[in-house]
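*Asks:* Sharing a structure with you now.
Each reported figure results from applying straightforward, stated rules to the coordinates on display, with no laboratory input. What you see is a predicted model; the values in this text were computed from it and never measured. Here the Cβ positions follow ideal geometry from the backbone for every residue, glycine too, while neighbour counts run over all protein chains shown.
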Ligand code: ADP
Ligand code: MG
Ligand code: MG
C-alpha cells in the first residue's frame, strides 16, 4: 500500500474525530462585530417572523432565549419546544399525557386547541416578535448574521485528501478552520467550465442545492471562488457511495434490511425534490452517498432541473444504463424518470446487478436502448413477491401507469407493502438507526493515486464577462447550513454569552 495514501487517510480519520479540528484562533475568527457595525443590516433585513424566528436555527434559538425572559410566555415556549420535535411512537403517548396535564388540565393555555389557533394566539396577542426586535437578543442575532455574511475565501478552510473526481474538477475533504466542521468541497475548474460552456449547469446545480433542505439530499454550506475554481462546499459523506457497497464489499447486493432502509430514504429525498418541482434525472448507485452514521443522501444535482408549474421537459440526459424509456425516446416528461430510477436502484441493491445489464457486461448503446424499451425484467430467488411487485410498478414503461406517477406526490410508493417495515414518520425525523454503520477508521474511497489528476486547461482565457458569472456563483455562506454548523459544533453555545447588564467591579 502506498505510504502517501496511508498518511493522507490517517490525517483525515484523525480530523474527523470530535471537534479537534478548530483552529486555536477560533474565537478570534468568530469575534462579534460591534453592534454599531450592524446598523445597515438592521435596516435591510426583512422582518419576517417565520424566517427570523422559526426557519433560521440561530434566529430560533435567540428568539426562544428572549421569550424566556418574559414569564408570561414561559408555558407557550415550553409547548412550542416540545410540540415541534418529532417523537418516537413510545414517546408520543407519554407526550400526549404530558400535554394534557401540564397545559390543559391546569388551564395554563386552554385556548390552545389546535396548532394554527396556537400560532394565531401566540403571534397576534402576545406579540413577542415586535418586542423581540428591540431586545439585546435581536442585536445578538444581527451580530451572528454579520459574521455569517462575511465573504468566504479558501483561507476559511483547511484541506485534507482528495475524495473523488467529477466532470469539471476534484472533490476534496475540507474543514472549516473556525468551527472544525468537515465538509466535501466540490471544485469546478474555471477553464474547464468555460471550455465546455458549463456556466449554466454550474449555476443551476449551485442554485438548486441552495434551495433544497432535506436530510436525504446533500446540503450546500458555502459557495465561493478562488483564482482557478468555483467551489461548492457540501455535506461530508464519508461512508462511500452505494455502488461501492453493492459491488465491492463481498458478494454483490445488500441485505434486505439495508435495501428497505436505503430505498425508503431515497424515496423521501425524491419526494422532497419533487415537492420543489425539481426532477433529479440521475438516480444511480454512484450518486447515493452514505454518511458516517449510515444514512444516505442523494448527491450530484448537476442534471437536475426545476420545472415551472405543470411544465414538462424534454432532454436526453442521465446515464444510459439507468435512463427511463420516455427519456430515451425523447418524449416530454416531468417527475417520472426518477421513479424509474428508484426501480433500477432497488433492483440493483437486491440482485447485485442492474436490471438491463449483467455485471461487467458493456453493451453498445443501441443494444442498451433496445433492452430498456422492450426487454422483460427477470427476477431471481432473492426477490420476494413484494419486491417483484414494487420493481414492476416502478419499472413500468408507461409513465402514466408507473408507480409514483399517480399524482399523489409519491404517496403510493411509501404505502407499498414492500415498505411495510418502514415507519416513514420516524424516518423523516431522523429517528431510525441504520443497521449498517460505516467503520470510522476506514476511508471509503479510491486511493489518492488512483484518482486521476485534474489540470487547468491551457489556452482558455478568462475575461470580464466570466467575472459576472463568477460573482453570481460566489454567494458565500448559506444561512441555514452556516447556522446549523455553528450550533452543531458547539461554537454557538460557547460564544453566545451575554455580558452582565451592568458591569460589576
Ligand atoms: P460530477 O458532477 O462532476 O460527477 P460529483 O458530484 O459526482 O461530480 O462528485 C465526484 C465524486 O466526488 C463522487 O463520485 C464522490 O466520489 C465524490 N464526492 C462528491 N460529493 C461528495 C460528498 N458530499 N462527500 C464525499 N464525497 C463526495
Ligand atoms: Mg457524478
Ligand atoms: Mg454532476
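*Asks:* Among 138-150, 178-190, how do they line up from the highest to the lowest mean number of other beta-carbon atoms within 10 Å?
*Replies:* Ranking, from highest mean packing down: 178-190, 138-150.
*Asks:* What order do you get for 482, 26 when you list them from fewest to most C-beta neighbours inside 10 Å?
*Replies:* Listing 482, 26 from fewest to most nearby Cβ atoms yields 26, 482.
*Asks:* With r as the distance between the Cβ atoms of residue 201 and residue 37 and R0 = 35 Å, compute the FRET efficiency 1/(1 + (r/R0)^6) and round to 0.05.
*Replies:* 0.40
*Asks:* Further question: Once each part is reduced to its C-alpha centroid, what is the distance from region 324-391 to region 395-471 in angstrom?
*Replies:* 18
*Asks:* Do the sum for the chain: with -39,500 (n - 2.57) for every DSSP H run of n ≥ 4, divided by all residues, what is the mean residue ellipticity at 222 nm, to the nearest 500 deg cm²/dmol?
*Replies:* When only DSSP H runs of four or more count, the value is -11500 deg cm²/dmol.
*Asks:* By how many degrees, 0 to 90 and rounded to 10, does the Cα axis of helix 479-488 deviate from the longest principal axis of the chain?
*Replies:* Approximately 80 degrees, to the nearest 10.
*Asks:* Normalising by the residue count of the chain, find the relative contact order in percent from Cα pairs under 8 Å and 6+ residues apart.
*Replies:* Here the relative contact order equals 18 percent.
*Asks:* Oh, and also: Please order 481, 366, 277 by the number of other Cβ within 10 Å, starting at the fewest.
*Replies:* In increasing order of surrounding Cβ atoms, one gets 366, 277, 481.
*Asks:* Related question: Angle check, please: helix 385-394 long axis (alpha carbons) against the longest principal axis of the chain (alpha carbons), in degrees 0 to 90, nearest 10.
*Replies:* Long axis of 385-394 versus the principal axis of the chain: about 90 degrees.
*Asks:* Restricting things to Cα coordinates, could you compute the convex hull volume per residue of region 240-439 in Å³?
*Replies:* In region 240-439, the Cα hull volume divided by residue count equals 116 Å³.
*Asks:* Indicate, rounded to the nearest 5 percent, the antiparallel portion of the DSSP beta bridges found entirely in the chain.
*Replies:* So the antiparallel bridges in the chain amount to around 95 percent.
*Asks:* So, R0 is 22 Å and r is the distance between the beta-carbons of residue 227 and residue 7; what FRET efficiency does that work out to, to 0.05?
*Replies:* The value I calculate is 0.20.
*Asks:* Tell me the angle of helix 57-68 to the major Cα principal axis of the chain, expressed in degrees between 0 and 90 and rounded to the nearest ten.
*Replies:* 30
*Asks:* Residues in region 326-366, backbone N under 18 Å from the label point at residue 276 (7 Å along the Cα-to-beta-carbon vector): list them, ranges by number please.
*Replies:* Counting backbone N atoms under 18 Å from the label point, the list is 335-336, 338-339.
*Asks:* Just need the relative contact order of region 284-332 here, percent rounded to a whole number, with Cα pairs under 8 Å and 6+ apart.
*Replies:* The value is 25 percent.
*Asks:* Suppose a student asked you for the relative contact order of region 239-375, using Cα pairs under 8 Å spaced at least 6 residues apart; what percent would you report?
*Replies:* Normalised by residue count, the contact order of region 239-375 is 28 percent.
*Asks:* Determine, for each peptide in 393-404, 336-347, the mean count of other beta carbons within 10 angstrom over its residues, then list the peptides with the highest first.
*Replies:* Highest to lowest by the protection proxy: 336-347, 393-404.
*Asks:* Continuing with the same structure: Given the Cα atoms of region 215-288, and with Rh set as the inverse mean 1/r over their pairs in the Kirkwood sense, what is Rg to Rh to two decimals?
*Replies:* 1.05
*Asks:* Next up: Could you pull the Rg and Dmax for region 393-505, using just the Cα atoms, both in Å?
*Replies:* When restricted to the Cα atoms of region 393-505, Rg and Dmax are 25.2, 78 Å.
*Asks:* Taking the Cβ of each residue in 135, 229, 94, 360 as the centre, tally the other Cβ atoms inside 10 Å and list the residues starting with the fewest.
*Replies:* Fewest to most other Cβ atoms nearby, the residues stand as 360, 94, 135, 229.
*Asks:* Write down the Kirkwood hydrodynamic radius of the chain, to one decimal in angstroms, obtained as one divided by the mean of 1/r over all alpha carbon pairs.
*Replies:* 25.4
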